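No value in this document is a laboratory result; all are computed from the given coordinates. All figures in this text were calculated on a predicted structure; none of them were measured in a lab. Neighbour counts are summed over all protein chains in view; Cβ atoms, including those assigned to glycine, are modelled from backbone coordinates with ideal geometry.
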Amino acid sequence: MTGANDGGCWVYAERQGDSFLSVSLELLGKARELADRLGGELTALTVGGNSGAGAPLRRYGPDHVLELTHPLLATYDAKAYATAIGAELSKSKPSALLLGATRNGQDLAGRLAVRMRTGLTAHVTGIELDDRQNLVGWVPGFGGGIEAGVSCPVRRPQMVTVRPGVFPLPEGRTPTGDVREVVPELSEKDLGSRRVSFEVKGSSVDLTRAGVIVVGGRGTGGDFTRLEKLARLLGGEVGATRIATDAGWVERDRMIGQTGVITHPKLVLVLGASGAVQFTVGIDRASTVVAVNRDPSAPIFDHADLGIVGDLGPVVDSLLRALEA
Ligand SMILES: Cc1cc2nc3c(=O)[nH]c(=O)nc-3n(C[C@H](O)[C@H](O)[C@H](O)COP(=O)(O)OP(=O)(O)OC[C@H]3O[C@@H](n4cnc5c(N)ncnc54)[C@H](O)[C@@H]3O)c2cc1C
């Protein structure tokens, strides 16, 4: 699909039970601004097993809500979702499609980009328009040495996945736009998997809304028990670097940074993390950063309002004692 910018801007609104993920609403806010600047329309696309679920999206400024409904779409299945969405993209030829860089969003985006033979800019930390009105997605690269602006000037739709928390959550307002339901033609052969049983494991956490975050890195050695206690006493949440989540010390939902979430807390306490740029992009919007690291030359101190050079163990113990007292 090639073309200009007349096909409008689409946002894939990912469902979580009866509601929508915050990142999808954040994208609707940003896409509204882009669509207005491009003089095009904004469509919120939602996929699921039942009709009527897309109506709440009307509070986030779309011109249209498109619901793709089918019993086989009741649970996320990459192949079936890509088949259903791909057919609509081919018909409507939108100029852009934005998705949240969630686990399912990333999975779906890759499949759709291949199906539509278009480009995908993944994990962007910002979106702009260039002078030819193409989307430019900004991605940190080479250890933070550069920030690359990636665009897809020829193929359509221009596809971008965006980390949760990059754009502000818009206020819900007076509903706009029509709701159109489409029932795609699907059969069992369109499913990529067969569901045997379904179990939700662990609790999901949304760090983009946390006011206080206690982050642990490799320097914790995997002991997050005291960090969890500290976070609880501060009324906050535990976050982690990729090293800590890859090691299985904490759930992946708690990873902060380029591949994790972009946070906006009032206070973030960073314990035993070096401060790699892929991590710090996730805390740069915090009001106050306090870092503890035993290496005085650790880059995290360049991002900290308050730095403590030393072993994190005694610092955590003193904080716990003070807060408990
Ligand atoms: C494409 C790409 C995407 C990535 N995305 C992310 C991302 O989203 N989030 C992310 O976090 N990383 C990401 N990374 C990985 C990132 O580059 C770093 O490797 C990672 O952030 C380092 O984690 P760390 O700070 O916990 O570990 P390290 O870099 O090993 O740092 C550990 C720090 O702990 C200190 N320390 C050790 N013991 C103690 C102690 N007892 N007391 C105090 N300090 C101590 C050390 O001095 C050191 O500075 C990505 C990398 C790539 C290539």
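Of note:
- Relative contact order of the chain: 15 percent, from C-alpha pairs under 8 Å at least 6 residues apart in sequence.
- The stretch between Ser287 and Glu128 holds 54.8 nm of extra length on full extension. This uses 0.36 nm per residue minus the Cα-Cα distance.
- Taking amide H atoms as placed 1.01 Å from N in the peptide plane, the amide H of Val270 lies under 5 Å from those of Val215, Val290, Ala291, Val292, each 5 or more residues away in sequence or on another chain.
- One Cα centroid belongs to the range 12-44, the other to the range 54-80; the line between them spans 12 Å.
- The range 160-242 shape via C-alpha gyration tensor axes, a/c threshold 1.5: oblate
- Among Ile262, Ile308, Ile300, the largest mean-square fluctuation in a Gaussian network model of the chain (Cα springs under 10 Å) belongs to Ile308.
- The range 207-324 shape via C-alpha gyration tensor axes, a/c threshold 1.5: rounded
- Nearest-ten-degree value, helix 78-92 long axis tilted from longest Cα axis of the chain: 50 degrees
- Across the range 9-190, Cα pairs under 8 Å and at least six residues apart give a relative contact order of 29 percent.
- Gyration tensor (alpha-carbon) shape descriptor, the range 45-183, a/c threshold 1.5: prolate
- Residues of the range 212-230 falling in the label zone of Glu324, defined by backbone nitrogen less than 18 Å from a point 7 Å along Cα to beta-carbon, are 223-230.
- Folded to 0 to 90 degrees: helix 103-116 orientation relative to the chain principal axis, Cα: 40 degrees
- Residues whose amide H lies under 5 Å from that of Ala247, counting only those 5 or more places away or on a different chain, are absent; hydrogens are built 1.01 Å from N in the peptide plane.
- Summing charges over all other residues whose Cβ lies under 13 Å from the Cβ of Ser151, with Lys and Arg as +1 and Asp and Glu as -1, gives 0.
- Considering only alpha-carbon pairs that sit under 8 angstrom and 6 or more positions apart, the relative contact order computed for the range 153-301 is 22 percent.
- Computed from backbone phi, the HN-Hα couplings of the range 158-165 come to 6, 10, 9, 10, 10, 5, x, x Hz, rounded to whole numbers (Karplus: 6.51 cos²θ - 1.76 cosθ + 1.60, θ = phi - 60°; Gly and Pro given as x).
- Dividing the summed -39500 (n - 2.57) terms of all DSSP H runs of n ≥ 4 by the residue count of the chain sets its mean residue ellipticity at 222 nm at -7000 deg cm²/dmol.
- A protection proxy built from the mean count of other Cβ atoms within 10 Å ranks the segments 149-158, 165-174, 314-323, most packed first, as 149-158, 165-174, 314-323.
- In plain terms, the bigger the Kirkwood radius, the slower the diffusion; for the range 1-98, with that radius from Cα pairs, at 20 °C and 1.002 mPa s, Stokes-Einstein puts D at 158 µm²/s.
- Cα-based Lys proximity count in the chain, under 25 Å, for pairs eight or more positions apart or on separate chains: 10
- Net charge of the neighbourhood of Gly52, taken over other residues with C-beta under 10 Å away and scored Lys/Arg +1, Asp/Glu -1, is -2.
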